[in-house]
1. Is it the case that B:D288 is within 26 Å of B:L337 (Cβ to Cβ) and either surrounded by 20 or more Cβ atoms within 10 Å (Cβ to Cβ) or touching a strand residue (DSSP E or B) at 6+ places or on another chain (Cβ under 7 Å) (or both)?
2. Inside region B:96-213, counting only strands (runs of 3 or more DSSP E) that do not spill past its ends, which hold 3 or more residues that are within 29 Å of B:A415 (Cα to Cα)?
3. Anything in region B:183-197 that is among the charged types (D, E, K, R), under 14 Å from B:A67 (Cα atoms) and surrounded by fewer than 11 Cβ atoms within 10 Å (Cβ to Cβ)? List them, or say none.
4. If I ask for residues that are away from chain B (no Cβ under 12 Å) and either part of a helix (DSSP H, G or I) or in contact with a His (Cβ under 7 Å, 6 or more places away or on another chain) (or both), which ones from region A:127-145 would you list?
5. Which residue is surrounded by the fewest Cβ atoms within 10 Å (Cβ to Cβ), if the candidates are limited to region B:7-61 and must be under 18 Å from B:T444 (Cα atoms) and among the hydroxyl-bearing types (S, T, Y)?
6. In region B:185-217, what residues are without any contact (Cβ under 8 Å) to a residue 24 or more places away in the chain and over 32 Å from the mean Cα position of the chain (by Cα)?
7. Report the residue count in region B:258-283 for those that are among the aliphatic types (A, V, I, L, M) and either in contact with a Gly (Cβ under 8 Å, 6 or more places away or on another chain) or assigned to a loop (DSSP other than H, G, I, E, B) (or both).
8. Just give me the residues in region B:486-516 being over 23 Å from B:C78 (Cβ atoms) and in a loop (DSSP other than H, G, I, E, B), in sequence order.
Amino acid sequence: MNTLNMVLCGLGGQGILFMTKVLSQAALRKNYDVLGAETHGMAQRGGSVVSHLRLGDVQGSLVQTGAAQTVLALEENEGYRNLPFLAPGGSLFVNTASPSFPREEVKAFLLRHNIYWHGVAASAIALSLGAPLSSNLALLGYFSAFGEDPFNHDDLRAVVQETSPDRFREKNLNVFDAAFEKAMEEKGN
Amino acid sequence: MKQEIFLGNGAIALGLLEAGCQVLTSYPGTPSSEILPEVIRLVKSANLNTYVEWSTNEKVALDNAFAASVAGKRAVCCMKQVGLNVAADSLMSAAYIGTKGALVIISCDDPGPHSSQTEQDTRFMARLAKVPVLDPSTPEEARRLARVAMDLSEEFRIPVILRPAIRVCHARQSILYGDLEENKTKSAFEKDPMRWAATPRFRLMLHGELNGKLREIAKRFEALSEFNFHTLEPGKRYPLGIVAGGVPFAVVRDILQAQDRKDIPVLKIATPFPFPEGLVAPFMDACDRVLVIEETDTLMEYFLRDKEKVLGRLSGHVPSEGELVPQVVHRTMNRALEESHVEPLQGAEDPEVMDLVKSLDLPVRRPTLCPGCPHRASFFAIRKNKPKAIFTSDIGCYTLGLNLGAVDTCLDMGAAITMASGFYHAFSQDGVDQPIVATIGDSTFFHSGTAGLLNAVYNDARFILVILDNLTTAMTGMQPTPALGIRADGSRGKAVSLERIVAGCGVDFIEVLDPYDLKKMNEVLKKASAYIHEPEGGIAVVIARHPCLIAYRDDAVPDRKTVVITDECAECNFCIERFECPAIYHDQELGRTNINNQLCTGCGVCLSVCPKGAIVEAA
């Protein structure tokens, strides 16, 4: 099996570790060997946070630059900062409300390397559902509309349902579903 | 069997319990902090009898674990790499004395460094102390090496260090495991003063004994083929081979496997000390040159004595600082391959994308204190009250007081106090009245504040010490402090009063306050300043006590205020620069300073920050 590499990024406190946990669990259920790397410590106080996820026969927990099929960014600038990880033909998902996403010079790069990009206002979706701290679930829900095995929609949703703490479960699912619907609408157009 | 995704530190916890760990002591520090909570989680789920404690510092932790091993138990002590400096005195002596049960020391390294003062390499501490060190490449290997460490320690009666680097500790990996069983070994102390209380005459003998153990262990390591092996084909010669261990081995292995490069042999060593010379010799013979890729410092490279043949840090091929991430390893390997006239690896780094990212001028994200953090209030008051002071500080979240201009120094645990007294004497020697304000967190004070405070009181230093008491060990993940009376497993301990310790160190000025009350803090700092200048005065200690907003999410801000910025705002940026709350920002679209209500915790401290009084409570 080929290795599947993913990079998740954003700022400390945005819930990147939870997002990584959901993806890891989904992969584990499909019997993938899962290996990942997380940021802990001082950077969690609002600094740049990156988490790596690798599936397949690998031993090193870090993704090499140019080797990630997917980058999920909870913040636009952090998405740009992690562009070097993207492999040609990969996909970039960014939480952004900016109509000018992606920046012109970035767009040229993405086009040249056949990298698909998706901008979604994940924070706005989360906020509109009264869950301002759940941008991570909105981005995940959006991504699930494009995800391929083992990250397809139903599996990711089931993991969100099971791993969310009781008091956040309903809100988490609402946000996840709303973002998924949004992606499906966009795909329909 | 169960399958679960473990954090590397959880895999280590699992391995320790599988190997019968009966006692575990630790002081938290990134990247080691999760080992102890994971041990507790597994102990509770399997209903084991393992004794676990958060000790007040690493030396205390190691001494406690050492005693348990002298009593015949299987004991473990965990810490971060700089924590081992604190415990070094114990380690060096314990190596000579030896153990009875097992004593495994886990010291987690931080190449990068991501969350440490230095990039020091624990393997050197092992070499210095003359104890074996094991260097895992993955969480799964760390789990298996935990058992090797435990068995080796007990068999040879020697402390053994397991050195996982941050990419093992904070990796996550799916791991298959079975039921845990209790180790029922009972304590027994055999009196043997010539060993347990050895005088220098006996220490010489013990040193000889230790050297003998190391020779035996080196031989044992040569045969440890599950962890130490090479990929040579019999009779074949190679222009370049790679010697690697720990995390860099995993990176090298993945690169070679992905590109199917069987023409580049690898010697993998998980036991860098004592160095398994016998295993290395045939590899060196079969390769014209070898490239050594190891973290964090140069250890194996020193043991490979053939300078003509060996490429590594000493030859300038491997970077001497920073983490060996895959792209760095890739680049390093390619240079060595090219120089050895071997086909290079595919997929060279794309300089275009690096240049692109650089050209985007992305904002540097410096970590900041959380919105509502009580330390912010303390630092704001301190800076305002004593603008000309030298601000000595310490290790913890509050090092971020840097951003508020209220932290000038950060050396090591406890140095806020010792550097304050050092500065005081250096300036007073010249007859200069230099104001000095030291800040230290509650857990750091318990860790190593008292000796420095005793010394400062005894030698009549004069400064203000603010103990930033947020009732937890915040930076490393909210471990309880001795003041709470809650122990590692959640059971009740005896609460130790910070005030009584400070008084016990001989301090007569102690004021306790809530730093959210800036006015009160200001008054107390003035009073403290007067006190340190009195002839009969001394060190003034202010305990700024308010719960951490992460640890006490639901009740750290009982009286939430809704804050707005009025038209009185002169856009002077004072609040943004000096108070630096993430919830106060300059709104580009509105062209004015604004409050981010999603981030704002309603602490209301900023209400007394604006010089124009433009930050007010909403009507």
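The values are calculated or read from the model by the stated rules, or taken from the named source; none is laboratory data. Note that the coordinates shown come from a computational prediction; the quantities given were computed from them, not determined experimentally. FYI the Cβ positions are ideal-geometry reconstructions off the backbone, even for glycines, and counts take in every protein chain you see.
1. Values: within 26 Å of B:L337 (Cβ to Cβ): yes; either surrounded by 20 or more Cβ atoms within 10 Å (Cβ to Cβ) or touching a strand residue (DSSP E or B) at 6+ places or on another chain (Cβ under 7 Å) (or both): yes.
The answer is yes for B:D288.
2. Working: elements: B:103-108, B:160-162, B:171-177.
By residue number, B:103-108.
3. Let us first name the residues in region B:183-197 that are among the charged types (D, E, K, R), namely B:184, B:186, B:190-192, B:195.
Still in the running and under 14 Å from B:A67 (Cα atoms): B:186, B:190-192, B:195.
Scanning region B:183-197 gives B:K186, B:E190, B:K191.
4. Here is the first cut: in region A:127-145, the ones away from chain B (no Cβ under 12 Å) are A:128-129, A:136-145.
Matches in region A:127-145: A:S128, A:N136, A:L137, A:A138, A:L139, A:L140, A:G141, A:Y142, A:F143, A:S144, A:A145.
5. Filtering region B:7-61 for residues that are under 18 Å from B:T444 (Cα atoms) and among the hydroxyl-bearing types (S, T, Y), the one surrounded by the fewest Cβ atoms within 10 Å (Cβ to Cβ) comes out as B:T56.
6. Initially, region B:185-217 is screened for residues without any contact (Cβ under 8 Å) to a residue 24 or more places away in the chain, giving B:191-194, B:197, B:199-202, B:204-205, B:208, B:212.
Residues satisfying the conditions are B:K191, B:D192, B:P193, B:M194, B:T199, B:P200, B:R201, B:F202, B:L204, B:M205, B:G208, B:G212.
7. We begin by selecting, within region B:258-283, every residue among the aliphatic types (A, V, I, L, M); these are B:258, B:264, B:266-267, B:269-270, B:279-281.
Of the ones still in play, those that are also either in contact with a Gly (Cβ under 8 Å, 6 or more places away or on another chain) or assigned to a loop (DSSP other than H, G, I, E, B) (or both) are B:264, B:266-267, B:269-270.
The number of residues fulfilling the criteria is 5.
8. B:K494, B:A495, B:S497, B:C505, B:G506, B:V507, B:D508, B:D514, B:P515, B:Y516
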